[in-house]
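Trainee: Right, I'll just put the structure down here and ask away after.
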Amino acid sequence: MKRTYIAIIFILVLALIFAFQNTDPISLKFLAWQINGSQALIILSIFFIGYLGGWLLGMSSLWRKNRELRDLKKQSAMSQATAADSAADITKIN
């Protein structure tokens, strides 16, 4: 088995142990919302929301870099085409 699968299984087992040991009902209040649920479920949900937010922030910078790279490739292709046209014009004159 690959190391990553073993690590994922290990983390999932730890999360299950955490969930079974923290089943106490709690109430979470945020602004106008109130959430009632098990302590483990709320903590893991908040962790997942934070992870998702961080992933989205990372993806936005990746999308921006990909767009810049695509624009640079277009500029490079256009400049190569212009250079080829110039070279063809010079050979026609000679």
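The values are calculated or read from the model by the stated rules, or taken from the named source; none is laboratory data. All values reported here derive from a predicted model rather than from experimental measurement. Because the Cβ atoms are built from the backbone with ideal geometry, glycine has one as well, and the counts that use them run over all protein chains shown. Note: accessible area is taken over every heavy atom of the protein model, side chains too, but ligands, DNA and RNA are not part of it. Shrake-Rupley method; radii C 1.70, N 1.55, O 1.52, S 1.80 Å.
Trainee: Given LEU62, LEU69, which one is at pLDDT 85 or above, open to solvent by 70 Å² or more (accessible area, probe 1.4 Å), within 23 Å of the chain's Cα centre (by Cα) and not β-branched (Val, Ile, Thr)?
Mentor: Only one candidate passes the filter, namely LEU69.
Trainee: Let me ask something else about it. Look through segment 4-29, keep the residues that are within 22 Å of the chain's Cα centre (by Cα) and loosely packed, with under 11 Cβ neighbours inside 10 Å, and return whichever of them is nearest to LEU41 (Cα to Cα).
Mentor: Among those that are within 22 Å of the chain's Cα centre (by Cα) and loosely packed, with under 11 Cβ neighbours inside 10 Å, it is LEU12.
Trainee: Please specify each residue of segment 30-42 satisfying the condition of being within 28 Å of the chain's Cα centre (by Cα) and part of a strand (DSSP E or B).
Mentor: Within segment 30-42, PHE30, TRP33, ILE35 qualify.
Here's the yes/no breakdown for (1) of a type in the set (Gly, Ala, Ser); (2) over 28 Å from LEU12 (Cα atoms):
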residue: SER27; (1), (2): yes, no
residue: TRP33; (1), (2): no, yes
residue: ALA40; (1), (2): yes, no
residue: ILE46; (1), (2): no, no
residue: GLY54; (1), (2): yes, no
residue: LEU57; (1), (2): no, no
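Trainee: Turning to a different aspect of this structure: How about segment 1-26: which of its residues are modelled with pLDDT of 85 or more, over 18 Å from SER38 (Cβ atoms) and outside any helix (DSSP H, G or I)?
Mentor: The one that is modelled with pLDDT of 85 or more, over 18 Å from SER38 (Cβ atoms) and outside any helix (DSSP H, G or I): LYS2.
Per-residue answers, yes or no, for (1) touching a helix residue (DSSP H, G or I) at 6+ places or on another chain (Cβ under 9 Å); (2) β-branched (Val, Ile, Thr):
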{"residue": "ILE11", "(1), (2)": "no, yes"}
{"residue": "PHE20", "(1), (2)": "yes, no"}
{"residue": "THR23", "(1), (2)": "yes, yes"}
{"residue": "TRP33", "(1), (2)": "no, no"}
{"residue": "LEU44", "(1), (2)": "yes, no"}
{"residue": "PHE47", "(1), (2)": "no, no"}
{"residue": "GLY53", "(1), (2)": "no, no"}
{"residue": "LEU56", "(1), (2)": "no, no"}
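Trainee: Name the pairs: first residue in segment 30-55 and free of Cβ contacts under 8 Å to residues at least 24 places away in the same chain, second residue outside any helix (DSSP H, G or I) and among the hydrophobic types (A, V, I, L, M, F, W, C), Cβ to Cβ under 6 Å, at least 6 apart or on different chains?
Mentor: Filtered contacts from segment 30-55: ILE35/LEU28; GLN39/ILE26; ILE42/LEU28.
Trainee: Right, another one. With (1) surrounded by 10 or more Cβ atoms within 10 Å (Cβ to Cβ); (2) modelled with pLDDT under 85 as the list, and ILE46 as the residue in question, which single condition is left unmet?
Mentor: For ILE46, the failing item is (2).
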